[in-house]
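The structure appears right after this line, and notes come after that.
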Amino acid sequence: MKVVVIGNGMVGQKFCEKLLSKGIPDLQLTVFGEETLAAYDRVHLSSYFAGKTVEDLTLQPVKWYEENGIDLRLGDPVQEVDRLKKTVTSFEGLTISYDYLVFATGSAAFVPPIPGVDKHGVFVYRTIEDLNMIWRHAATAKTAVVIGGGLLGLEAAKACLDLGIKDTHVIEFAPRLMPRQIDEAGSEILIQKLKELDITTHTGKNTAAILGNETIKGMIFTDGTILSTDMLVISAGIKPRDELARACGLTVGPRGGIVVNDHMTTNDEHIFAIGECALHNSMIYGLVAPGYEMADVVATQLAGAAKQFPGFDMSTKLKLIGIDVASFGDPFISGDEARTIVFRDNHRGIYKRINFSNDGKELLGGVLVGDAEAYNMLLQICKNKMALPPDPMDLIIKAKEGGADAGAGVVALPDDALICSCEGVTKLDICKAVTGQGCETVDAIKKCTKAATGCGGCAPMVKDIMVHTMKQQGKLVRNVLCEHFSYSRQELYDLVKLKNLHSFDEVLDTLGEGDGCETCRPAVSSVLASLWNELIVKKESATSQDTNDRFLANIQKGGTYSVVPRIPGGEITPDKLLVIAQVAKKYNLYTKITGGQRIDMFGAHLNDLPSIWEELIEAGFESGHAYGKSLRTVKSCVGSTWCRFGLHDSVSYAIRIEERYRGLRSPHKLKSAVSGCIRECAEAQSKDFGIIATEKGWNLYVCGNGGSKPQHALLLATDLDSETCIQYIDRFLMFYIKTADPLTRTATWLNKMEGGIDYLRNVVVHDSLGIGAELEREMQLLVDAYQCEWKNVVETPELRSQFTHFINAPKEKDPTVQFETMRDQKKAATW
Amino acid sequence: MSSQNWFHVCSVQDMPHNGGVCVKYGDHQIALYYFTHRNEWYASQNLCPHKQQMALSRGMLGSQQGEPKVACPFHKKTFSLKDGHCLNDETCGSIAVYEVRVKDGQVYIDVSDIEQEVPAGEPASNMCS
């Protein structure tokens, strides 16, 4: 069977996947794509500005098409369809025949006929190429306007924020935002929330013309008002790409769209249309989930089975700029047909509305803004016509405290309840993945069933179902530390603080059982250090530290240790370099420059550590905490003091930051960097927190990671002054320290965080939890409690005496230690 | 029971709590542990059989289903302090364990299983029974 697909967007790609899975023999699949990129995730387009790459967004790499025998022709749009000969001819002149032809040509941005839309600085928001053009232009823009207050328009406004444009406006022709999804009152709350993020909304506005000569300068509206701006992004709706279908004589709708029946067949029985180019029942579906369903309908029929497209529920839940917005069922129904309950909290910016039948038995629809936690459950109740509680108000008011109950809710769902509408995964599919295939993490379930891989909105519900199913099987699902503590690290942190516990044994006897182990000892020690920052080598604490922390040095092959003095920001005087050289020579140490801009000395005997440090401290050095789960280095480029490109003094700022957070104990090691300009020589975007100078201040990036799974840091806030930047870092680090699991780097912590960077930004920048001041205060306590651990040891004979190899022969070193020679230095003997 | 040979190590005050130290016995290295939380004493070879490192005395103490254990600081192989078998890697060898005795605030290890010519000059008063 020869199948040709015109269009390689999300729906076109999904169709290929679905068709392949049917296992049709002798399938010859050819795909033509207009863009030069393979299909990518358009739903999360704005994440491109927040650090995602084209590769991240790509649905399947070109290799995937090759491996599956698909002839993918990118950058080569079909120019002509000959329905009589059943052939298509491409731009490059290739003509091939088909048995079945599938139009998945999608849509283009609808650009209203406003005078001046062709000016420089006016963009649409549709493809990665559009984004690249916006990106280039935004570098010099201070103000941005988005026309269109719908889903895509608000996404575009978020993109402008991510690009660092502080003054962003949204223009909507209708009297409210998201007119298809939410009502007037919901829109008011949304506008208020956007205002807090410096996005100004103008509703009921009609643009008359775009001002400026070659480049946009501003806009004039039909009411005579003028708004000046440096750029304009038009996101006023979509226009089906039906020109090719029209040209080959397929029926199209009066306002565009290829007319299809319930089989997705056009007026030519060998030609189908799916996705945003298809007009089904006078409706264009501008969402990805119905597009996927259409793809499945066609693939199923080509495989010889029957399937129809019955129309699609347009319920949606989105996180727009960190704000939850959802609507389901019939959000607007009112009057005689239904009753409505509304909950509105102007203070916290929350609006909830549910509509239910007059007899109070059936949920008909609703709107949620600001808090959409209840969405999945409400949608299921609505779709499955489940019984309502006696007082339907409980659905929206109780849902808030009902955190513990959220899991119980999934129990009531029928097996065939559709949980992931993007991928068509039911509750039963997920349960089976847990019981039959042993999936016990959301990631495993994603891999196995594809649930939550589309828009991701159902992920919390997938998790609830998974946890519930595991519990039914009698499996322990609590995220506990080990057999000695049935608490998570976060719970333990709170309890240790509440009960004011200061040693491992106190914590164990109060909160745990048994005698501890190599998992909980360091985890509890880290919590204690993060809470009190007391000396970790005290007698009652030392043995509960990992050996590196117990001996304040990094154990290396052969049982010797390495020594790393702090060199803040990587700045060091020649005199101090001399001291390091002298110490290394005297104690016969191997020296190496580390990746964090300091010097590591290897091969020190345990017995020698105090004397080595005595000499280093005498010369003004202090511990570098290379042995701890704590702040390592703040790397810096040379900055404006020497560099001709430098905008600010990155070295001084790096030193200030390194000295503020030195010795800070955390769930895992912390790395940081400061770059003096956008050239980013300090590689700040690969750090747990990285700072890059801008014309106006500093941009703060968080949760980056090198190591085995590299991950770029994400932009948290822009153009900060030095004080605010430190304030945000204080909050960020303290929030991490308080909530992360043991040995979890910031990148992994963020990846697991529901709501991701938007949530984190709300907590840190907008103080959505109201804990900002508390976090700052706690950090200040730790900063004030800092002391150099090695200085303490060197000056305290009792502590110093712990650094011996033999308790009964304190002067003797370990005689089994052996070294070999390489490039004029020693190295540890191989094991 | 074969005869025991008690080697004096140190006094109780010299010991860290819930941790180990390394004891020199001729050419041998013995790890001595004071598991304060259980009020128990243990001793084993200092050599971790996994990568032949003299390190167990610097390991962390703990328990697994009530069984006292030590974790090597290098790769966290854990060994029972009761019989020396490796608790988390069947392919890893076990370690020798020795008896410990505390008398009048002084700590002694039974070294009778260690074939060892005690170096000349080692005072006989080290022995006790």
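Bear in mind that the values in this text are calculations on the coordinates, not laboratory data. Just so we're clear, the structure is a prediction, and the values are computed from it rather than from any experiment. In this analysis, Cβ positions are derived from the backbone assuming ideal geometry, glycine residues included, and neighbour counts consider all displayed protein chains.
Data for the structure
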quantity	calculated
Cross-link pairs beyond the 32 Å C-alpha cut-off, checked among A:205/A:317; A:669/A:827; A:586/B:24; A:586/A:709	A:586/A:709
Between the stretch A:642-709 and the stretch A:770-808, the Cα center-to-center distance that results, in Å	25 Å
Scattering profile of the stretch A:44-133 at q = 0.18 Å⁻¹ [log10 I(q)/I(0), Debye over alpha-carbon scatterers]	-1.07
Three principal axis lengths of the stretch A:741-831 [C-alpha, angstrom, descending]	59, 35, 26
Options A:21, A:417, A:613, ranked by Cα towards positive dipole end of the protein assembly as shown, top entry (Cβ charges)	A:613
Viscosity 1.002 mPa s, temperature 20 °C, Stokes-Einstein D of the protein assembly as shown from Kirkwood C-alpha radius, µm²/s	66 µm²/s
Rel. contact order, % - alpha carbon contacts under 8 angstrom, at least six apart, chain A	7 percent
For residue A:97, net neighbour charge (Lys/Arg +1, Asp/Glu -1) across residues whose Cβ lies under 10 Å away	+1
Relative contact order (percent, whole number), the stretch A:435-532, Cα cutoff 8 Å, 6+ residue spacing	20 percent
Degrees separating the helix A:288-302 axis from the principal Cα axis of chain A, which is the longest one	60 degrees
Between the stretch A:100-124 and the stretch B:3-58, the alpha-carbon center distance in angstrom	77 Å
Nonlocal amide H pairs with residue A:364, under 5 Å, H built at 1.01 Å	A:355, A:356, A:357
Set A:499/A:539; A:463/B:69; A:432/A:752 screened for pairs whose C-alpha atoms are more than 29 Å apart	A:463/B:69
Spatial separation of Cα centroids for the stretch A:432-450 and the stretch A:1-57, in angstrom	25 Å
Other protein chain Cβ atoms within 10 Å, averaged over every residue that makes up B:10-18	4
Set of aspartates and glutamates near residue A:14 by C-alpha distance (under 12 Å), chain-local residues within fewer than 8 positions excluded	A:41, A:293, A:296, A:423
Principal axes of the stretch A:489-545: Cα extent on each, largest first, Å	25, 24, 15
Kirkwood hydrodynamic radius over Cα pairs of the stretch A:505-625, then Stokes diffusion coefficient at 10 °C and 1.306 mPa s, in µm²/s	100 µm²/s
Cα long-axis angle, helix A:10-21 against chain A (0 to 90 degrees, to the nearest 10)	90 degrees
Beta bridges by DSSP in chain A, antiparallel share as percent, to the nearest 5	60 percent
Two-decimal Rg to Rh for the stretch A:111-236 - Kirkwood Rh, Cα set	0.94
Helix A:151-162 vs. chain A, principal-axis angle (Cα, 0 to 90°, nearest 10)	30 degrees
Debye, to nearest 20: dipole size of the stretch B:6-115, +1 on Lys, Arg Cβ, -1 on Asp, Glu Cβ	380 debye
Computed helical MRE - 222 nm, the protein assembly as shown, DSSP H runs ≥ 4 contributing -39500 (n - 2.57), nearest 500	-8000 deg cm²/dmol
For the stretch B:6-115: relative contact order, % (alpha-carbon pairs under 8 angstrom, 6 or more apart)	26 percent
Cα-Cα separations in the stretch B:6-115 greater than 17 Å, expressed as whole percent	47 percent
Chain A - charge dipole about Cα centre, Lys and Arg +1 at Cβ, Asp and Glu -1, debye rounded to 20	1000 debye
